[in-house]
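Take a look at the structure below.
The values are calculated or read from the model by the stated rules, or taken from the named source; none is laboratory data. All figures in this text were calculated on a predicted structure; none of them were measured in a lab. Methodologically, a virtual Cβ is constructed for each residue, glycine included, from the backbone with ideal geometry; neighbour enumeration extends over all protein chains shown.
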Amino acid sequence: MEPFSPELLKGKVILITGGATGLGRAMGEKFIALGARIAIASRREEVLKQAAEAMSLESSQVFHKCCDVRNPDQVKDMIDAVESHFGHIDILINNAAGNFISPTERLSTNAVDTVLNIVLHGTFYTSLEVGKRWIAEGRCGTMLNIVTTYASTGSGYVVPSAAAKAGVLALTRSLAVEWAKYGIRQVAIAPGPFPTEGAWSRLSPTPELEEKMIGRVPLKRVGNKEELANLAAFLISDYAAYMNGEVVTIDGGEWLQGAGQFNGLSEVTDEQWDALAALTRRRK
Ligand code: HXC
Ligand code: NAP
């Protein structure tokens, strides 16, 4: 069942970095169904072209442009191209990311730079370029940054990503205050595990690792891309107009499972609880 009016995003022009695959594509498809026109930008021309063709409900509704967000000149050219196609941009979704699991001591400095440059610098360049234009034109807008739950907690084995996403979260909260006076709103989503080709091939490449991941989620399942796309649609819509600087977690309770000191007690059986109750009640 569709939770929104099909006109929720009518007339909006939305730029999604990394919008040809995974969560970016799921968001794009949702936004189109809700009346938006979208631009998708990432490095691989063929992937972009195929996605744009498959996503378009009508001609010129999906624009695509090759861009490596690590390169500020390419970011500028990409935004020029989107503006000349659609005239302007209303909403920016910073979704492009790079990540892989590795013990930190095995990383080269280039591996560190690669992830920091895509996630932190890329997001910053895109927000800066779009923000400068909105401010110069007096245009209101919304920026949605896709972070992770470990942006707040940190996480071993994905340390460049954790550091970069923490930076993106700081960017979200900082600009929420600084650019509010221009009518520019900032929000973020912190997803837990959502199986996408890009994430799973780099972060959960074996069935054992996937099972472990699901086992950590109190709801005992991974996320569905549609669930994330619905949240994103709400956050960028006018219904969320008073939300600014907020990060919304969508992870089935995963990070809280790890955080709560006694959450491991969910392993205890009924019989064991009977024995434990006898011991703990005796203390009265
Ligand atoms: C150690 C690695 C590595 C790995 C690459 N490197 N993969 N080091 N373990 N698995 C090192 C390389 O050896 C090289 O260093 C440096 O990183 C750059 O690698 P390249 O392959 O040359 O970089 P590039 O072609 O730019 O590709 C970037 C990438 C790649 C990040 C490495 O994975 C990519 O394109 N990713 C984009 C999509 C993606 O990551 N999606 C997942 C997002 S999921 P040297 O020193 O050898 O030159 C996410 C949150 C998930 O972010 C949360 C899950 C719950
Ligand atoms: P994905 O499909 O691999 O998405 C990453 C996208 O970023 C790809 O389309 C990729 O396209 C693009 N990209 C990578 N490097 C780029 C660069 N230098 N310049 C421009 N575009 C670049 O993975 P996903 O799971 O959908 O991830 C989407 C977002 O969700 C990311 O921000 C990720 O951190 C976040 N997230 C995902 C999960 C999850 O479980 N899936 C959990 C938490 C957070 P090209 O390779 O063609 O450039």
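Might you let me know whether segment 115-125 holds any residue that is under 16 Å from the mean Cα position of the chain (by Cα), over 16 Å from residue 184 (Cβ atoms) and touching a residue at least 60 places away in the same chain (Cβ under 8 Å)?
Within segment 115-125, the subset under 16 Å from the mean Cα position of the chain (by Cα) is 115-116, 118-124.
Narrowing further to those that are over 16 Å from residue 184 (Cβ atoms): 115-116, 118-122.
From what's left, touching a residue at least 60 places away in the same chain (Cβ under 8 Å): 122.
Yes, the conditions are met somewhere in segment 115-125.
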Of residues in segment 53-104 being outside any loop (DSSP other than H, G, I, E, B) and in contact with a Phe, Trp or Tyr (Cβ under 7 Å, 6 or more places away or on another chain), the one farthest from residue 132 (Cα to Cα): 63
Condition test on residue 176, is it assigned to a helix (DSSP H, G or I), closer than 22 Å to residue 103 by Cα and either away from ligand 1 (no atom under 13 Å from the Cβ) or among the small types (Gly, Ala, Ser) (or both)? no
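Mind telling me which of the residues 258, 264 ends up being more than 30 Å from residue 12 (Cβ to Cβ), touching a residue at least 40 places away in the same chain (Cβ under 8 Å) and not acidic (Asp, Glu)? Lay out the reasoning, then the answer.
Values: 264 fails: touching a residue at least 40 places away in the same chain (Cβ under 8 Å).
Matching residue, one of 258, 264: 258.
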Which pairs turn up if I take residues in segment 31-46 that are under 15 Å from residue 81 (Cβ atoms) and of a type in the set (D, E, K, R) and look for partners that are within 16 Å of ligand 1 (Cβ to nearest atom) and assigned to a strand (DSSP E or B) with beta carbon separation below 6 Å, at least 6 apart in sequence or on another chain? 45/66
Restricting to segment 170-186, give me the number of residues that are surrounded by fewer than 18 Cβ atoms within 10 Å (Cβ to Cβ) and either within 23 Å of residue 257 (Cα to Cα) or among the basic types (Lys, Arg) (or both). 2
Condition broken by residue 47, with the remaining ones in (1) more than 13 Å from ligand 2 (Cβ to nearest atom); (2) more than 21 Å from residue 168 (Cα to Cα); (3) among the β-branched types (Val, Ile, Thr) satisfied: (1)
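Of the residues 252, 223, only one is within 20 Å of the chain's Cα centre (by Cα) and within 21 Å of residue 31 (Cβ to Cβ); which?
Numbers: 252 fails: within 21 Å of residue 31 (Cβ to Cβ).
Of the residues listed, the single one that is within 20 Å of the chain's Cα centre (by Cα) and within 21 Å of residue 31 (Cβ to Cβ) is 223.
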Residue in segment 269-282 that is at pLDDT 95 or above and in a loop (DSSP other than H, G, I, E, B) present: yes
Test each condition in (1) in a loop (DSSP other than H, G, I, E, B); (2) touching a residue at least 12 places away in the same chain (Cβ under 8 Å); (3) in contact with a helix residue (DSSP H, G or I) (Cβ under 7 Å, 6 or more places away or on another chain) for residue 157 and report the one that comes out false. (3)
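Does segment 118-154 hold any residues that are hydroxyl-bearing (Ser, Thr, Tyr) and not in a helix (DSSP H, G or I), and which are they?
Here is the first cut: in segment 118-154, the ones hydroxyl-bearing (Ser, Thr, Tyr) are 123, 125-127, 142, 148-150, 152-153.
If the condition is that a residue be hydroxyl-bearing (Ser, Thr, Tyr) and not in a helix (DSSP H, G or I), then 142, 148, 149 are the ones that fit.
Check segment 183-196 and report whether any residue there is in a helix (DSSP H, G or I) and either closer than 23 Å to residue 124 by Cβ or of a type in the set (A, V, I, L, M) (or both). Don't jump to the end; show me each part of the working.
In the first step, residues of segment 183-196 are kept if they are in a helix (DSSP H, G or I); the result is none.
Scanning segment 183-196, I find no residue that is in a helix (DSSP H, G or I) and either closer than 23 Å to residue 124 by Cβ or of a type in the set (A, V, I, L, M) (or both), so the answer is no.
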If we scan segment 78-89, do we find a residue that is small (Gly, Ala, Ser), at pLDDT 95 or above, within 12 Å of ligand 1 (Cβ to nearest atom) and surrounded by fewer than 18 Cβ atoms within 10 Å (Cβ to Cβ)? no
Segment 123-163, residues that are under 22 Å from residue 27 (Cα atoms) and either within 12 Å of ligand 2 (Cβ to nearest atom) or at pLDDT below 95 (or both): 123, 125, 126, 144, 145, 146, 147, 148, 149, 150, 151, 161
Among all residue pairs at least 6 apart or on different chains, which show Cβ distances below 7 Å where the first residue, located in segment 161-185, is closer than 9 Å to residue 245 by Cα and the second is away from ligand 2 (no atom under 16 Å from the Cβ)? 172/245; 173/245; 176/244; 176/245; 177/245; 185/142; 185/244
Within segment 29-58, tally of residues that are more than 16 Å from residue 92 (Cα to Cα) and β-branched (Val, Ile, Thr): 1
For residues in segment 243-259 being in a loop (DSSP other than H, G, I, E, B) and of a type outside the set (Asp, Glu), which is nearest to residue 227 (Cα to Cα)? 252
Looking at segment 187-208 only, could you name the residues that are surrounded by 12 or more Cβ atoms within 10 Å (Cβ to Cβ) and away from ligand 1 (no atom under 11 Å from the Cβ)? 187, 188, 189
